[in-house]
Each structure stands twice: as C-alpha cells, then as structure tokens.
Amino acid sequence: MLVRLLYASRAKEPLDAATLDAIFETSMAGNTRHGITGVLCHGNGIFLQALEGERATVSRLFLNIGRDARHKDVVLLDFAEIAEREFSVWSMGRVNVGKLNPATLLKYSAQGELDPYRMPAVASLSLLKELAAGASIVQSASRQA
C-alpha cells in the first residue's frame, strides 16, 4: 500500500551548503534503495518534505528523521494512503526557497515565506505540487537512474 507523508522540521543549528548537499545525497541513495520518492523544500532553517512509498518503509524513515539530532520541532502535517505518487520521478527532489519567486510562496502563505507550521497541510502539499509542475525542483535523481 502506497502512502504519502508530509512533515516539517527546523534545523537545530544553521546548516551550510556542504552539509545540506551531503544530507541530500545520502537521502537520495537511501530512498532509491527503499523505493521512496519525494521532494524536500528548505529555507531559513525550515524544512518541508513529502515522502511517498510503502507504508512501513515511509513510517520507519519518518521515525529516523525524528531521531536525527540535526532536527527539532518535527511535526507530522499529513499522512494518507494514495492511489499513485505525485513525485514519482524523484528519489528526492530539492527546492531552495531562496531561489523562488516570492509570489509563489505568497500564493500559499500569508507572509510570503516558507512556514509550514502556519500553513494548512493542504497548502503545503499544493505548494510542493506547484513546484514540481513548474520545474522548480533541482538536483533531483530520476527513479530510473
């Protein structure tokens, strides 16, 4: 059974670009091995991530994320059974909100910033879907790669 999990978290400490890249590369490799797809959106120390895959695998990954000492304020925003994946072409797509048009964020957020703690889960998921449709996702690995 396929599920989609959407969560938000904050970095305990500022993460430099090299650390973010290393986390991302490790995530892509692990996700490919475990049949997980998804998108990670980050900016100003906040992360919004959608994970898709088999229920037990996605649940285990989320538990591991919650135990990661680099995160705090890990919040489950949504967990649902799905008929098909929204982000099937990415083992892990990545969006740096600092490179987005502010109008895109303003469409889903009262302040025009990434703050999934103050956005409805449906708005957070819609934002990720728009970013995927608008080719805003970068440094992604194809599931076929």
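For 118, 10, 33, give me the order by solvent-accessible area with a 1.4 Å probe, most accessible first, ignoring ligands, DNA and RNA.
33, 118, 10
Kindly work out what percent of the DSSP beta bridges joining two residues of the range 2-134 are antiparallel, to the nearest 5.
Antiparallel bridges make up about 85 percent of those DSSP assigns within the range 2-134.
Projected area of the chain, taken from the Cα convex hull and averaged over every viewing direction, in nm²?
Quarter of the Cα hull surface area: 7.9 nm².
Ordering 42, 71 from largest to smallest accessible area (1.4 angstrom probe), what's the sequence?
Descending accessible area places them as 71, 42.
For residue 25, what accessible area in Å² do you get when you roll a 1.4 Å probe over the heavy atoms of the protein chains, rounding to the nearest 10?
Ignoring ligands and nucleic acids, residue 25 comes out at about 100 Å².
Put a dot 7 Å past each Cα toward the Cβ at residue 68 and residue 17; how far apart are the dots in nm?
2.0
Carbon and sulfur together cover what percent of the accessible area of the range 2-134 at a 1.4 Å probe radius?
C and S atoms contribute 52 percent here.
With the other protein chains left in place, how much accessible area per residue, in square angstrom, belongs to the chain at a 1.4 angstrom probe?
52
Using packing as a proxy for protection, rank 104-114, 43-53 so that the peptide with the highest average count of other Cβ atoms within 10 Å comes first.
Ranked by mean Cβ neighbours within 10 Å, highest first: 43-53, 104-114.
Calculate the dipole size of the chain relative to its Cα centre from +1 charges on Lys and Arg beta carbons and -1 charges on Asp and Glu beta carbons; express the result in debye to the nearest 20.
Dipole of the chain, to the nearest 20 debye: 120 debye.
The values are calculated or read from the model by the stated rules, or taken from the named source; none is laboratory data. Quick caveat: nothing in here was measured; it's all calculated off a predicted structure. Cβ coordinates were reconstructed from backbone atoms using ideal geometry, including for glycine residues, and neighbour counts include every protein chain displayed. To get the accessible areas, we keep the full protein, side chains included, count just its heavy atoms, and leave off ligands, DNA and RNA. Shrake-Rupley method; radii C 1.70, N 1.55, O 1.52, S 1.80 Å.
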